[in-house]
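S.K.: Below you'll find the structure I mean.
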Amino acid sequence: MYPEPMQTVKEQVLHVLRRLPDDADFRDVNEEIALLAAVAEAEDDIREGRLVGNHEMKARLDEWLDA
């Protein structure tokens with residue numbers, strides 16, 4: 001569905017642009033690029049170990065909601 005992570009950002013954006021229908025508007029393009037950026041950020045977080053497991057997140061939420 002989405003480009004290989006080894007592609008440059010420019011290559012990824014070009015791939016998205018080619019995949020969009022001809023009647024896509026700026027909002028469609030923006031949403032697709034925002035999704036690419038979010039996925040790249042998530043992949044960086046995974047590589048850097050900046051993750052919280054479900055049990056830890058539930059405990060944090062319970063703590064925040066009880067405060």
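S.K.: Do the conditions hold for residue 57, that is, is it modelled with pLDDT under 95, at negative phi and not in a helix (DSSP H, G or I)?
M.R.: Taking the combined requirement at face value, the residue does not satisfy it.
S.K.: When you scan segment 43-67, how many residues do you find that are without any contact (Cβ under 8 Å) to a residue 24 or more places away in the chain, under 19 Å from residue 11 (Cβ atoms) and surrounded by 11 or more Cβ atoms within 10 Å (Cβ to Cβ)?
M.R.: Within segment 43-67, residues that are without any contact (Cβ under 8 Å) to a residue 24 or more places away in the chain, under 19 Å from residue 11 (Cβ atoms) and surrounded by 11 or more Cβ atoms within 10 Å (Cβ to Cβ) number 0.
S.K.: Quick one: would you say residue 52 is of a type outside the set (Lys, Arg) and part of a helix (DSSP H, G or I)?
M.R.: Against the criterion (of a type outside the set (Lys, Arg) and part of a helix (DSSP H, G or I)), residue 52 does not qualify.
S.K.: Answer yes if at least one residue in segment 20-27 is surrounded by 11 or more Cβ atoms within 10 Å (Cβ to Cβ), out of contact with any strand residue (DSSP E or B) (no Cβ under 7 Å at 6 or more places or on another chain), under 30 Å from residue 6 (Cα atoms) and modelled with pLDDT of 95 or more, and no otherwise. I'd like the intermediate steps shown before the answer.
M.R.: Of segment 20-27, the ones surrounded by 11 or more Cβ atoms within 10 Å (Cβ to Cβ) are 20, 24.
Of the ones still in play, those that are also out of contact with any strand residue (DSSP E or B) (no Cβ under 7 Å at 6 or more places or on another chain) are 20, 24.
So of that shortlist, the ones also under 30 Å from residue 6 (Cα atoms) come out as 20, 24.
Checking the rest, the ones that are also modelled with pLDDT of 95 or more come to 20, 24.
Among the residues of segment 20-27, at least one is surrounded by 11 or more Cβ atoms within 10 Å (Cβ to Cβ), out of contact with any strand residue (DSSP E or B) (no Cβ under 7 Å at 6 or more places or on another chain), under 30 Å from residue 6 (Cα atoms) and modelled with pLDDT of 95 or more, which makes the answer yes.
S.K.: Can you spot a residue in segment 7-16 that is free of Cβ contacts under 8 Å to residues at least 12 places away in the same chain, assigned to a loop (DSSP other than H, G, I, E, B) and surrounded by 10 or more Cβ atoms within 10 Å (Cβ to Cβ)?
M.R.: Checked against the condition, which is being free of Cβ contacts under 8 Å to residues at least 12 places away in the same chain, assigned to a loop (DSSP other than H, G, I, E, B) and surrounded by 10 or more Cβ atoms within 10 Å (Cβ to Cβ), segment 7-16 yields at least one hit.
The values are calculated or read from the model by the stated rules, or taken from the named source; none is laboratory data. Not measured: the values here are computed from a predicted model. Every residue, glycine among them, receives a Cβ derived from its backbone with ideal geometry; neighbour counts consider all protein chains shown.
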